[in-house]
Amino acid sequence: MKLKYIDLDQKNIVILGSTGSIGEQALEIVREHPEQFKVLALTCNSSWQKLAKQVEEFNPKYALLCDKESAMTLEHRPEVSDTEILAGNDDLLHLASLDEADVILNSLVGFAGFEPTIEALKAGKKVALANKESLVVGGGLINKLIKDRRDQLVPVDSEHSAILQCLVGESQERIEKLVITASGGPFRTWTKEQMRDITVEDALDHPNWSMGAKITIDSATMMNKGLEIIEAHWLFDMPLSRIEAVVHPQSVIHSIVTFTDGSSKAQLGPPTMKVPILYALTYPDRYKLDAPQLDWQTAFDLTFEPVDYDRFLCIRLAIEAAEEGGLAPAILNAANEVAVDRFLNKEIMYIDIPRIIDSCLQTLSNTEKISLESLKNIDHKARKLASTI
Ligand code: NAD
Ligand code: MG
């Protein structure tokens, strides 16, 4: 593959989910490279105060709140007078496919990010994808859409960015396997007995990364690694049998590719999402980044442990759903979103999360053909069921 390095023209960027953890870090990158990136649109769900501040600083042409009441409040604020304020899901899809946009950063969380990914790709946009749930629920559909234009979709997830970086200059046929590293989360060393009493506060206390609430809980249950295996399966066209996860508590190696000659390449760096976010925006080029670097003159250890599928049932459920295929990953995803939400609201226990997901997977039928409509339908059904069991 011959790589084309990008020109230095300013890129118009749309950030979906700009008030979240990834969105805010993306704006830090724009702040550092104002000559390279111009913010065209910012969106969030309902946090209008945060969005108002972002609009005041970055002066985008459009800003959107999914919540219509919050959008009305924002519209009357003096600091947003030069920006067109939009509201609701239809306008979100419009912003995901804006004519003037060069790149869409999808940093929405959950199934809400799926349709915007589809719209952006359909419109031929380059998508920097943080919203892994898009690929989990509809990876097959997405790959069909971009059959001849695979570089339209660039991952932001650090493990997938690491794999992408390892694959530069390599050919698909020479890949033996993908090895996705996992920190193991806050409960890596807890016994099954201890895990019965996990509180929300325990689960939100991630050892290495500071992230949004949903992915933090997904990391604590290791569902996140299951979702990432499915994400890698679609992104890199790899059979599930050739993707494995390994626990690497230091989170310095972000993932590994082993080739057919037995050689492995890994990508390393301190745990900051700014590196993969910037790489997704500039791939296959690299820009300078004001971020910490590894200090090779200080002694440190890199260690590895196998995943304990007996204590972390969610990763096992994710792999099984991926193997089953069809609508099963969409059922898993919806049930997980609801269970995580219920856990965060202290309605259920940590150990109920895999129980609810398993029960949804057992109960709901997975026979319909995959389409946007059938995925939306099953998402709706699984949410309904997961909120009552
Ligand atoms: P977050 O919760 O911090 O932010 C989510 C953003 O989406 C916010 O701007 C919020 O307003 C918006 N949003 C939430 N629900 C919405 C809805 N229903 N409709 C429209 N907008 C909505 O999440 P995050 O941690 O930034 O994660 C975003 C995505 O990136 C997730 O898919 C996550 O798995 C992935 N990711 C995050 C990290 C990380 O370090 N945070 C790392 C890798 C991948
Ligand atoms: Mg990740």
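The values are calculated or read from the model by the stated rules, or taken from the named source; none is laboratory data. Bear in mind that the values here come from a model prediction, so they are computed numbers and not experimental data. Every residue, glycine as well, gets a Cβ built from its backbone with ideal geometry; the counts of neighbours run over all protein chains shown.
Go through the residues of the range 77-84 one by one and say whether even a single one is aliphatic (A, V, I, L, M) and over 19 Å from the mean Cα position of the chain (by Cα). Checked against the condition, which is being aliphatic (A, V, I, L, M) and over 19 Å from the mean Cα position of the chain (by Cα), the range 77-84 yields at least one hit. Quickly run through the range 244-264 and pick out the residues that are polar (S, T, N, Q), part of a loop (DSSP other than H, G, I, E, B), in contact (Cβ under 8 Å) with a residue 12 or more places away in the chain and farther than 22 Å from Met223 by Cα. Matches in the range 244-264: Thr260 only.
For the range 222-242, a residue qualifies if it is crowded, with 20+ Cβ neighbours inside 10 Å and more than 14 Å from ligand 2 (Cβ to nearest atom), and the qualifying residues are His233, Trp234.
Every test in (1) under 20 Å from the mean Cα position of the chain (by Cα); (2) part of a loop (DSSP other than H, G, I, E, B) is passed by Ile198 save one, and that test is (1). Of the helices (runs of 4 or more DSSP H) lying entirely inside the range 1-90, the ones with 1 or more residues being touching a Cys at 6+ places or on another chain (Cβ under 7 Å) are found at 48-58. Applying the condition of being in a helix (DSSP H, G or I), touching a residue at least 24 places away in the same chain (Cβ under 8 Å) and aliphatic (A, V, I, L, M) to the range 204-219 and asking which residue is farthest from ligand 1 (Cβ to nearest atom) yields Ile217.
If only residues of the range 232-243 that are in contact with a strand residue (DSSP E or B) (Cβ under 7 Å, 6 or more places away or on another chain) and outside any loop (DSSP other than H, G, I, E, B) are counted, the one that is farthest from Ala162 (Cα to Cα) is Arg242. Candidates Ser18, Ser47, Ser70: the one that is touching a residue at least 12 places away in the same chain (Cβ under 8 Å), closer than 22 Å to Ile215 by Cα and touching a helix residue (DSSP H, G or I) at 6+ places or on another chain (Cβ under 7 Å) is Ser18. Checked against the criterion of being within 20 Å of Gly113 (Cα to Cα) and free of Cβ contacts under 8 Å to residues at least 40 places away in the same chain, the candidates Ala339, Ala328, Ala322 yield just one match: Ala328. In the set (1) assigned to a loop (DSSP other than H, G, I, E, B); (2) under 21 Å from Trp209 (Cβ atoms); (3) at pLDDT 95 or above, the condition left unmet by Asp290 is number (3). Of the residues making up the range 123-144, those that are crowded, with 24+ Cβ neighbours inside 10 Å, away from ligand 1 (no atom under 11 Å from the Cβ) and in contact (Cβ under 8 Å) with a residue 60 or more places away in the chain are Val137, Gly138. Just one of the numbered conditions (1) surrounded by 17 or more Cβ atoms within 10 Å (Cβ to Cβ); (2) touching a residue at least 60 places away in the same chain (Cβ under 8 Å) is not true of Pro186: (2). Any residue at all in the range 160-171 that is more than 19 Å from the chain's Cα centre (by Cα), among the aliphatic types (A, V, I, L, M) and more than 16 Å from ligand 1 (Cβ to nearest atom)? Scanning the range 160-171, I find at least one residue that is more than 19 Å from the chain's Cα centre (by Cα), among the aliphatic types (A, V, I, L, M) and more than 16 Å from ligand 1 (Cβ to nearest atom), so the answer is yes.
Tell me, yes or no, whether the range 266-276 has at least one residue that is away from ligand 2 (no atom under 14 Å from the Cβ) and either among the aromatic types (Phe, Trp, Tyr) or at positive phi (or both). No, the range 266-276 contains no residue that is away from ligand 2 (no atom under 14 Å from the Cβ) and either among the aromatic types (Phe, Trp, Tyr) or at positive phi (or both).
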